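Working notes for the structure below.
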There are 2 protein chains.
Amino acid sequence: MSVPLIPRRELNFQLHDWLDVGALLQAPRFAAHSAETFDAVMDGCDRLAWEVFAPCYQNADREEPHFDGDRVTVHPQVAEAVRAFAGSGLVSATEDESVGGMQLPVVVEKAALVNLYAANIGACAYPLLTMGNSRLLLAHGTPAQVEAFALPQLRGEWTGTMCLSEPQAGSSLSDITTRATYERESSFGPQYRLDGRKMWISGGEHEILGNIVHLVLAKVPDADGKLLPGTRGISLFIVPRSLVDTHGNAGERNDVTLAGLNHKLGYRATVNCALNFGEGRFKPEGRAGAIGYLVGKPGEGLAGMFHMMNDARIGVGLGAVALGYAGYLHALEYARNRPQGRLPGPAGKDPSQPQQPLVAHADVRRMLLAQKSYAEGGLGLVLYCAKLVDEARIARETGNAAAAASCDLLLDILTPIAKSWPSQWCLHGNDLAIQVHGGYGYTRDYKVEQLWRDNRLNPIHEGTHGIQGIDLLGRKVSMFDGAAFSAYGALLDASIARAVDTPWAALTDALSIRLASLRAVTASLLQVADPVARLANASAYLEAFGHVTVAWIWLDQVLALGDRDDDFAQGKRQAARYFMQWELPRVDAWLDRLADNDDTALAMRDDWF
Amino acid sequence: MSVPLIPRRELNFQLHDWLDVGALLQAPRFAAHSAETFDAVMDGCDRLAWEVFAPCYQNADREEPHFDGDRVTVHPQVAEAVRAFAGSGLVSATEDESVGGMQLPVVVEKAALVNLYAANIGACAYPLLTMGNSRLLLAHGTPAQVEAFALPQLRGEWTGTMCLSEPQAGSSLSDITTRATYERESSFGPQYRLDGRKMWISGGEHEILGNIVHLVLAKVPDADGKLLPGTRGISLFIVPRSLVDTHGNAGERNDVTLAGLNHKLGYRATVNCALNFGEGRFKPEGRAGAIGYLVGKPGEGLAGMFHMMNDARIGVGLGAVALGYAGYLHALEYARNRPQGRLPGPAGKDPSQPQQPLVAHADVRRMLLAQKSYAEGGLGLVLYCAKLVDEARIARETGNAAAAASCDLLLDILTPIAKSWPSQWCLHGNDLAIQVHGGYGYTRDYKVEQLWRDNRLNPIHEGTHGIQGIDLLGRKVSMFDGAAFSAYGALLDASIARAVDTPWAALTDALSIRLASLRAVTASLLQVADPVARLANASAYLEAFGHVTVAWIWLDQVLALGDRDDDFAQGKRQAARYFMQWELPRVDAWLDRLADNDDTALAMRDDWF
């Protein structure tokens, strides 16, 4: 049994009926596109998912990357999948035609990628990092840097990585100690020698394609040789695995070496490793030290990296959604085909009658509805954010700075939700998918256990759950005098207003009440002067905010159904009803404690544990 | 780093200060015991856990049982651990001295076992099944059956299994098709030949000790050769792996063969397999068919097996608690020793200051408090149930039938909670333990990922979560005209009354309110005539019931602290406060829906998914 694909009817509903991506076609940027070109991209992705990515999902898990002391071996089917993705044109799909892209809307790209993620999330990590890397270079690199390092990635010839964390500095990037010492000017900008160790580098070492472009955060020492504490001292460098020769080809090896592979709980298709920069194993241009080229200005490295962070975080959310959706589809298939037990009560108890399929049991339907509500709600959240990216870009390109700013505001405040909510709840969905399978779900004969393991990474990488909470409550809701939070509230208000005279009015009241609570809680928390006290329950705030947001997504989607009454529409309505009735009320327990900013965790002392 | 042991101060607090196990010493059954003998047993278990079980926790996971087509190989350290347990006298610890036991209270046995579970849950499965098997035989077997099959297990010479499920019949035992055909009378009772396949058999095939005693559910065909549908046709049989010769030793191989190993997500120290009975590979007494000896009467097999089910389910809860507690201890140790980041705000932000340990962050303390509240709350729940087992036994032995019945009532209603609540929430605790570790928690260098994988089994085996909900709402709360539910309510009322004039009065009100809701919801659900509708949300009912119950456990524990103000007591209080403030209010969302018996899941149709 292979991974079932997320139905096109769902993707089309979200893209066309709900988000009206057709309206994007008015913009000059997307003029060459049509519903047909969107479909063609999605068809291509589905084929790639089905034929290349899905078949090695379990194999890649069972035979994880191996290091023999000299070379890293990646499962050959994974390497093939990475090369197939690179050769598909997807890496540059949303980029300008001038760099070989197809100017595809980001929202369509995300909808197309979701089945690749669902088929084999670990194999997707290589091209995804390549996309993030090359986009960052397009935004911040010099023309020479773009030419030498971004274009080969966009053409599918090389891959890229992001090197931020170090063994002692994960969430706290201000504490990195990788050191970059100025050497000379080069044709790719100021050339430095880097020295340090980076951790958790996905796709950090392999030989799947021609070269690896590492984007590395490091600190430039001052005149006394000291590193500036904090984030202000962080700069960004291009550090290719192999240096680029005069023909633009990968040539001499740079002084970047594998320090060790990380052996993970999931995502095992992805090489994830510690890298040593400048350990001296290679001597590029005659001496030890990894050669790196400065991107942008010194000290502005983190800003450059964070420019890409919204995209990376939305990508994490999409990955979590894809795994949650895949688990749901597996559970649904199993529940429909596995006979087990009979309905309670005298009629059902007759053991001479055949057993009922699992789906006949209300408790199993509850578990399926929950998964559906998480997966489709999360998908909506991520696609909504992706469409904001497109709208902001169109607005900027057509000189509408105000419209662009308002899209950016919403994107800023929704990003921590789009990252954290699917990571939490689609993981929970995977847990339910195992439960639907019973004992079989606990075996490696079925894929749901791997989906669950793979998804467990998502609340950790690209900013942990706790970091997202601090980002939301400590920065996003208060920035620009609360403008982003106001815009968010207005967005929900508009949908709520549209629901007034519909059958959803009662459930919409349930949302209005929670939105009012969220506003009150937000105002009162922002009054707390001590930031330590203000942020003590930031994760609970994040979770309440997330559930309110997804309730809004569901409301907005059912409004888009209009009076359709086919099975698809009825299913969406029932999932929306599930979310409103069983999920949204959870937030009261959190908002009540946030309202008085409960100090239980804050007051707990280390010695008392 | 090995698995840290659950602190003795916690176990002693629960046993002595809270549950007053000293009072048990008044009973003739426990007259030979004292606080010192209890300590000695716990010391022995801790030593065994530390020296033998913990060292192979990860090895056993990495090198799972292997079948070469002929023999099953178990990791040698696991085999050694099983033999060490068997040799320790623990298998018979709670049994009568007349069968070699030490008449240890069950509550002390559970407290002693918890560190073995925490150290290596998979290796514990072999002796635990042996204990369940031999206890069932002591209760239902003939003297000859006890002599031949129970005593060798109790002496640590053999192991035992429970064979209930079949590939097509898991939760629905009425659909088993293993067939038992009468052959002749034997010295071990009526002898049958069994034919069929059993699934999910833990410890089902190995050569760690001298023999394996399978207890097998099967159906005896009627005169027409048909199997009676339903559970009434189920009988129980002793099917030894090797037949017992005239000297009581394991001799000729019975016709029981391995059909295949199950490759699981966790619990990999345990051989778990499908077994074929009567496939003809062995021909005991000259012909094919697995020889089995009837236990009790024909058709009463399930009743005999369910006699042991309370104990097995409480054991699952204890296992989940142990894994949750182990994860908490790992996370605490990591949080104390891993520096990462600084406190929010101007003071904390100074990057020239050293980083703070993780535990300095309120969000990390929240995650640790949650884990502590789940692990210690769950431990309390399980130990409370275990003490009821002891009290019921004492009452029966001293002729106090009414007291015994009232203990049994409470035990009946608490068992689905003791099984399901730790399985759900201590698993969630393991998720938080990974989160505290950040990226490192996602690697196999740390143990928290394995604890999480291992714990995932607990909501599945010995009756899934959904089955526990149906047991509670469909049977336990209504049985004997609601007597068990009344007894449960009275138990909580008593603690609530004791809290009135304490500092816990306000939080106790929070519990009173939920108990009142639970009573109202229970009464209204019992009015629903259609059992399908009544049980549609049984899992939500189970979860609300569970959180109310554990809130009571916490209240009762803090009342037992009195006015102690040492770190231990303060920590318990803060965990109780966490549970009352952040966890208990979750139940409102469920109880509100249960109050109007929401039909979202019930009304969902298969076609709509």
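The values are calculated or read from the model by the stated rules, or taken from the named source; none is laboratory data. In this text, all values refer to a predicted model and were calculated from it rather than measured experimentally. We place every Cβ from the backbone using ideal geometry, glycine too, and count neighbours over all the protein chains shown.
Of the set (1) within 22 Å of B:Val359 (Cα to Cα); (2) more than 8 Å from chain B (Cβ to nearest Cβ); (3) in a loop (DSSP other than H, G, I, E, B), all apply to A:Val500 but (1). Inclusion of A:Glu51 among residues that are modelled with pLDDT of 95 or more, under 23 Å from A:Leu451 (Cα atoms), of a type in the set (Asp, Glu) and in contact with a Lys or Arg (Cβ under 6 Å, 6 or more places away or on another chain) is not warranted.
Looking only at residues in the range A:583-609 that are under 29 Å from the mean Cα position of the chain (by Cα) and without any contact (Cβ under 8 Å) to a residue 60 or more places away in the chain, which one is farthest from the other protein chains (Cβ to nearest Cβ)? Only one residue tops the list, namely A:Trp590. Within the range B:343-359, track down each residue that is in contact with a strand residue (DSSP E or B) (Cβ under 9 Å, 6 or more places away or on another chain) and either more than 7 Å from chain A (Cβ to nearest Cβ) or farther than 21 Å from A:Thr231 by Cα (or both). Scanning the range B:343-359 gives B:Pro354, B:Gln356, B:Pro357, B:Leu358.
So is A:Gly378 more than 9 Å from chain B (Cβ to nearest Cβ) and either closer than 17 Å to B:Leu173 by Cα or surrounded by 22 or more Cβ atoms within 10 Å (Cβ to Cβ) (or both) or not? It is true that A:Gly378 is more than 9 Å from chain B (Cβ to nearest Cβ) and either closer than 17 Å to B:Leu173 by Cα or surrounded by 22 or more Cβ atoms within 10 Å (Cβ to Cβ) (or both). In summary, A:Ile208 fulfils each of the numbered conditions (1) modelled with pLDDT under 95; (2) part of a loop (DSSP other than H, G, I, E, B) with the single exception of condition (1).
With respect to A:Gly280, determine if the residue is free of Cβ contacts under 8 Å to residues at least 60 places away in the same chain and part of a loop (DSSP other than H, G, I, E, B). Break it down into steps so the answer makes sense when it comes.
Details: free of Cβ contacts under 8 Å to residues at least 60 places away in the same chain: yes; part of a loop (DSSP other than H, G, I, E, B): yes.
Yes; evaluated as a whole, the condition is true for this residue.
I'd like the residue in the range B:524-550 that is over 29 Å from the mean Cα position of the chain (by Cα) and in a helix (DSSP H, G or I) and, out of all such residues, is surrounded by the fewest Cβ atoms within 10 Å (Cβ to Cβ).
Initially, the range B:524-550 is screened for residues over 29 Å from the mean Cα position of the chain (by Cα), giving B:524, B:527-530, B:533.
Among the residues that remain, those that are also in a helix (DSSP H, G or I) are: B:524, B:533.
On the way: B:Ser524: 13, B:Ala533: 16.
In this case the residue turns out to be B:Ser524.
Being more than 15 Å from the chain's Cα centre (by Cα) and closer than 19 Å to B:Phe306 by Cβ: is that true of B:Leu410 here? Break it down into steps so the answer makes sense when it comes.
Details: more than 15 Å from the chain's Cα centre (by Cα): yes; closer than 19 Å to B:Phe306 by Cβ: yes.
Yes: the conditions hold for B:Leu410.
Just one of the listed residues (A:Ala288, A:Ala303) is among the aliphatic types (A, V, I, L, M), in a loop (DSSP other than H, G, I, E, B) and surrounded by fewer than 18 Cβ atoms within 10 Å (Cβ to Cβ), and it is A:Ala288.
Being in a loop (DSSP other than H, G, I, E, B) and over 27 Å from A:Thr415 (Cα atoms) is true for just one of A:Arg342, A:Arg268, A:Arg336. Which residue is that? Outline the logic, then answer.
Details: A:Arg268 fails: over 27 Å from A:Thr415 (Cα atoms); A:Arg336 fails: in a loop (DSSP other than H, G, I, E, B).
It is A:Arg342.
Considering the range B:430-480, and only residues there that are among the small types (Gly, Ala, Ser) and facing chain A (nearest Cβ under 8 Å), the residue that is farthest from B:Ala520 (Cα to Cα) turns out to be B:Gly439.
Under the condition of being out of contact with any Gly (no Cβ under 8 Å at 6 or more places or on another chain) and either assigned by TED's automatic domain parsing to the domain that holds B:Asn430 or among the β-branched types (Val, Ile, Thr) (or both), the residues counted in the range B:257-296 number 2. When we screen A:Ile413, A:Ile394 for residues that are under 24 Å from A:Val477 (Cβ atoms) and among the β-branched types (Val, Ile, Thr), the only hit is A:Ile413.
For the range A:271-290, the criterion of being in contact with a strand residue (DSSP E or B) (Cβ under 8 Å, 6 or more places away or on another chain), at pLDDT below 95 and under 19 Å from A:Asn133 (Cα atoms) is met by no residue. If only residues of the range A:144-184 that are closer than 15 Å to A:Trp200 by Cα and small (Gly, Ala, Ser) are counted, the one that is nearest to the other protein chains (Cβ to nearest Cβ) is A:Ser172. When every residue of the range A:186-199 is checked against the conditions, at least one turns out to be aliphatic (A, V, I, L, M) and under 23 Å from A:Arg281 (Cβ atoms).
So which of B:Glu147, B:Glu207, B:Glu109 is surrounded by fewer than 24 Cβ atoms within 10 Å (Cβ to Cβ) and under 24 Å from the mean Cα position of the chain (by Cα)? Don't jump to the end; show me each part of the working.
On the way: B:Glu147 fails: under 24 Å from the mean Cα position of the chain (by Cα); B:Glu207 fails: under 24 Å from the mean Cα position of the chain (by Cα).
It is B:Glu109.
Within the range B:448-459, is there a residue that is outside the structural domain of B:Gln58 (by TED's automatic domain parsing), over 16 Å from B:Leu584 (Cβ atoms) and over 21 Å from the mean Cα position of the chain (by Cα)?
Here is the first cut: in the range B:448-459, the residues outside the structural domain of B:Gln58 (by TED's automatic domain parsing) are B:448-459.
Keeping just the survivors that are over 16 Å from B:Leu584 (Cβ atoms) gives B:448-459.
If we keep only those that are over 21 Å from the mean Cα position of the chain (by Cα) too, we end up with none.
No: zero hits.
Within the range B:228-251, is there a residue that is at pLDDT 95 or above, of a type in the set (D, E, K, R) and in a loop (DSSP other than H, G, I, E, B)? The answer is yes, given that some residue of the range B:228-251 is at pLDDT 95 or above, of a type in the set (D, E, K, R) and in a loop (DSSP other than H, G, I, E, B).
Return the residue satisfying two criteria in turn: it lies in the range B:561-582 and is within 29 Å of B:Ala523 (Cα to Cα) and at the interface with chain A (Cβ under 8 Å from one of its Cβ atoms), and of such residues it is surrounded by the fewest Cβ atoms within 10 Å (Cβ to Cβ). Reasoning before the result, please.
Keep residues of the range B:561-582 that are within 29 Å of B:Ala523 (Cα to Cα), which gives B:576, B:579-582.
From what is left, the residues that are at the interface with chain A (Cβ under 8 Å from one of its Cβ atoms) are B:581-582.
Numbers: B:Gln581: 19, B:Trp582: 22.
Within the range B:561-582, the match that is surrounded by the fewest Cβ atoms within 10 Å (Cβ to Cβ) is B:Gln581.
If a residue has to be over 27 Å from A:Cys407 (Cα atoms) and crowded, with 20+ Cβ neighbours inside 10 Å to count, how many in the range A:484-523 make the cut? Count: 2. Applying the set (1) over 15 Å from B:Leu151 (Cα atoms); (2) out of contact with any His (no Cβ under 7 Å at 6 or more places or on another chain); (3) touching a residue at least 24 places away in the same chain (Cβ under 8 Å) to B:Val74 leaves exactly one unmet item: (2).
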